[in-house]
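Have a look at the structure below, then the notes.
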Amino acid sequence: LEALPESFKQPDNQLVGTLRLAAPFGYGRQRLAPLLARFANLHPQLRLHLDLRETPWPDRHDSDAVIHIGRVNDSSWIARPLAQNERWLCASPDYLSRHGTPQSPDELAEHRCICIRENEEDVTLWHLRKRLARHTVRIEPILLSNDGGVARRWAEQGLGLVLRSQWDVTDAIAKGTLVRVLEDWQFDSAPITLLVPSRKNRSSRIQALIGFLETSLMAPGSATRSSK
């Protein structure tokens, strides 16, 4: 029944029917919603449903596509990479002036750290690498939240160091409310991925969404493109 509207396309190939997309709260609000507004203007006869949730994958319910940030452990759907997304360690200028700037991973255990609990990962174990060197640090969080935006704001208020997705801290760094530390070390990345059904179950709506998001997020000037 959902596929029936595909048989009744307008002569100008305008998309019709309903497209349901699930995404994480923070990324969905800040980055995805403005893009979907543009997509809706391109396809005014299409009904768009954006479902924001803490864990959109695998808790996808009846979505046609899912935005996922981080590693994908379930292979039942096809993962389409949208953008690279490093994790950056940041703190406010005020915090660094009071507590000093860590110069090596070993110093992190002496600092106040803020953690984000997500995707059932061990968020207190930080993995770093620089060229061939690898380092693992176990930190004791002074503040913990399942909301990345809350954790970032705590860091901006000078409460500690936060390891946060590049897409979420880029603007704060540009404004000077956060400073990136240990820039020569890389933490585990959290790529932004679009999860879609197999090709045989894919509608033209999903195909159009894939093309639009890939073009928008990989284009020069995109806030989530790789910094390298």
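Please turn the phi angles of the stretch 168-174 into ³J(HN,Hα) values with the Karplus equation 6.51 cos²θ - 1.76 cosθ + 1.60 (θ = phi - 60°), one per residue in order, whole Hz, x for glycine and proline.
8, 10, 4, 5, 5, 5, 5
Which peptide among 82-91, 180-189 comes first, and what is the full order, when sorted by highest mean count of other Cβ atoms within 10 Å?
Working: 82-91: 22.0, 180-189: 14.7.
Answer by packing, highest mean first, reads 82-91, 180-189.
Going by average Cβ neighbours within 10 Å, how do the peptides 152-160, 30-38 rank, with the highest at the top?
Answer by packing, highest mean first, reads 152-160, 30-38.
With a cap of 13 neighbouring Cβ atoms within 10 Å, and only residues DSSP puts in a loop, list the GluC sites (Glu not before Pro) found in the stretch 98-133. Could you put the intermediate results ahead of the total?
Working: sites: Glu107, Glu110, Glu118, Glu120, Glu121; in loops: Glu118, Glu120, Glu121.
Passing sites in the stretch 98-133 are Glu120, Glu121.
Taking amide hydrogens as modeled 1.01 Å from N in the peptide plane, which residues meet the under 5 Å criterion relative to Leu161, leaving out close sequence neighbours?
Distant-sequence amide H within range of Leu161: Arg112, Cys113, Ile114.
Throughout, read-outs are computed from the coordinates displayed, never taken from laboratory work. This structure is a prediction, so every number in the text was calculated from the model and none was measured. Every residue, glycine among them, receives a Cβ derived from its backbone with ideal geometry; neighbour counts consider all protein chains shown.
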